[in-house]
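The values are calculated or read from the model by the stated rules, or taken from the named source; none is laboratory data. Note that the structure is predicted; figures quoted are calculated from it, not measured. A quick note on method: Cβ atoms are made from the backbone with ideal geometry, for glycine too, and the neighbour counts reach across all protein chains shown. Ligands, DNA and RNA are excluded from the accessible area calculation, which covers all protein heavy atoms including side chains. Shrake-Rupley method; radii C 1.70, N 1.55, O 1.52, S 1.80 Å.
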Amino acid sequence: MNLPARVRIIDVGPRDGLQNEKQPVPTEVKIGLVQRLQDAGLAEIEATSYVSPKWVPQMADNHAVMAGIVRQPGVRYSVLTPNLQGWEAAVQDRPDEIVVFGAASEAFSQKNINCSIAESIERFAPVVAAARAAGVAVRGAMSCTVGCPYEGDIAPQQVAYLAGLMKGIGVERVDVADTIGVGTPRKVQRALEAALTHYGIDQVSGHFHDTYGQALTNTLAALQLGVWNFQASVAGLGGCPYAKGATGNVATEDVVFMLHGMGIDTGISLDRLVDAGAYISDFLGRPVQSRAGLALLRKRAG
Ligand code: HMG
Ligand code: MG
């Protein structure tokens with residue numbers, strides 16, 4: 001087994017983690033979360049999204065969040081932009097990377113961004129071109145690469161199709177997302193391999209929601225393919241508003257605990273990451289959803 005020696009994690013907690021939160025989260029708390037994540041050594045943070053505030057009210061303070069973050073050199077701050085309107089709003093805040101987000105399932109594309117897969121690519125193309133012309137990096141998120149809440153199982157061919165379209169419009173790297181957490185190791189490997197027919201191993205990342213408790217196992221299955229980029233959410237926050245019943249991303253603390261235990265470098269301080277998870281969970285008034293985070297907090301408390 002040839003496992004990667006190091007792993008790069010994007011913490012998507014401030015965006016994927018909080019977007020579905022029903023209680024309003026003050027901008028200062030979001031900024032406080034980003035601060036704690038960068039203090040913990042996260043080199044990439046997905047900070048917010050520029051989507052319709054009618055669709056996702058929690059992300060309506062995108063400008064204020066981006067203005068309030070005290071940027072740390074070397075940290076990449078990414079934001080979601082579904083269309084030109086989103087890009088035009090985002091570019092004012094100088095993100096390091098924008099994320100266009102499509103789906104391997106037609107039904108999910110309609111529910112999430114109100115257009116077909118083909119239409120989404122037409123919308124993304126000018127966004128990608130504008131970002132690249134402005135020197136802003138471009139990532140593409142691919143939802144429902146294993147299963148869809150509306151269509152059921154998704155064939156790897158659908159993932160390859162979407163990855164090919166993303167590649168065609170100039171998206172630099174892609175996230176293979178198991179939006180509803182139904183993936184199991186072999187299925188997730190097939191989805192990743194489908195993306196790898198269009199992108200190199202350094203350009204494909206795993207984004208696994210943990211609804212069925214499979215996300216950590218799926219992370220290991222991805223590592224076995226050589227994938228070394230992942231997205232995770234501190235304290236296991238999150239869920240997509242258009243994927244009913246789907247829970248949060250795999251908790252960053254759990255991924256880091258596993259990787260460090262395997263001797264794989266992340267550049268992240270687990271101790272400080274646990275602080276970040278405790279901070280946001282305290283605010284939300286619920287226990288940390290990370291098993292490792294919770295165990296370490298209990299150990300600290302004696
Ligand atoms: P639409 O209704 O098709 O857009 O929505 P439209 O162009 O027809 O415009 C309709 C209205 O939306 C107009 O406002 C526009 O101004 C406004 P009105 O005149 O009615 O007042 N609008 C916008 N406002 C702010 N920012 C924008 C924007 N665009 C239009 N960028 C749209 C299309 C994509 C905007 C809408 O469907 C939307 O906002 N969807 C939300 C999608 C979303 O945020 N989903 C969650 C993130 S994806 C995710 O979580 C999955 C991921 O984690 C990977 C995984 O796990 O699978 C990434
Ligand atoms: Mg997600």
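By accessible area, using a 1.4 Å probe on protein heavy atoms only, the chain has 52% of its surface on carbon and sulfur.
Measuring nothing but how far apart in sequence close Cα pairs (under 8 Å, 6+ apart) lie, relative to its length, the chain scores a relative contact order of 20 percent. Of the trypsin sites (Lys or Arg not before Pro) in the range 164-268, the ones in a loop by DSSP (not H, G, I, E or B) with at most 15 other beta carbons within 10 Å are Lys244. Each part gets one Cα centre, and for the range 233-249 versus the range 148-204 those centres are 19 Å apart.
Averaging the sequence gap over all C-alpha pairs within less than 8 Å and six or more residues apart, then dividing by the number of residues, gives the range 1-153 a relative contact order of 19 percent. Solvent-accessible area per residue in the range 8-301 equals 38 Å², computed with a 1.4 angstrom probe and all protein chains kept.
If you take the Cα atoms of the range 43-192, find Rg, then find the Kirkwood Rh from the mean of 1/r over all pairs, what is Rg/Rh? Provide the component values of the computation, followed by the final result.
On the way: Rg = 15.2 Å, Rh = 15.7 Å.
Rg/Rh for the range 43-192 comes to 0.97.
Here the peptides 36-47, 152-163 are ranked by packing, the mean other Cβ count within 10 Å, and the order with the highest first is 36-47, 152-163.
Here's the picture: a label point sits 7 Å out from the Cα of Ala89 along the beta-carbon direction, and within the range 26-47 the residues with their amide nitrogen under 15 Å of it are 47. Once you treat every alpha carbon in the range 166-266 as an equal point and sum by Debye, what is log10 I(q)/I(0) at q = 0.16, 0.23, 0.25 Å⁻¹? Taking Cα atoms of the range 166-266 as identical point scatterers yields -0.65, -1.22, -1.35. Counting only lysines at least 8 places from Lys167 when in the same chain, there are none with an alpha carbon closer than 19 Å to its own. For the chain, taking a cut-off of 4.7 Å between Cβ atoms, the unpaired cysteines are Cys115, Cys240. In this simple spin-label model, placing a label point 7 Å from the Cα along the Cα-to-Cβ direction at both Arg190 and Asn2 gives a separation of 2.5 nm. Annotation: the antiparallel percentage among DSSP beta bridges lying fully within the chain is about 10. For the chain, the equivalent ellipsoid built from the Cα gyration tensor has semi-axes of 26, 23, 18 Å, listed from largest to smallest. In this structure, Phe283 and Tyr150 have a Cβ-Cβ separation that, at R0 = 30 Å, corresponds to a calculated FRET efficiency of about 0.35.
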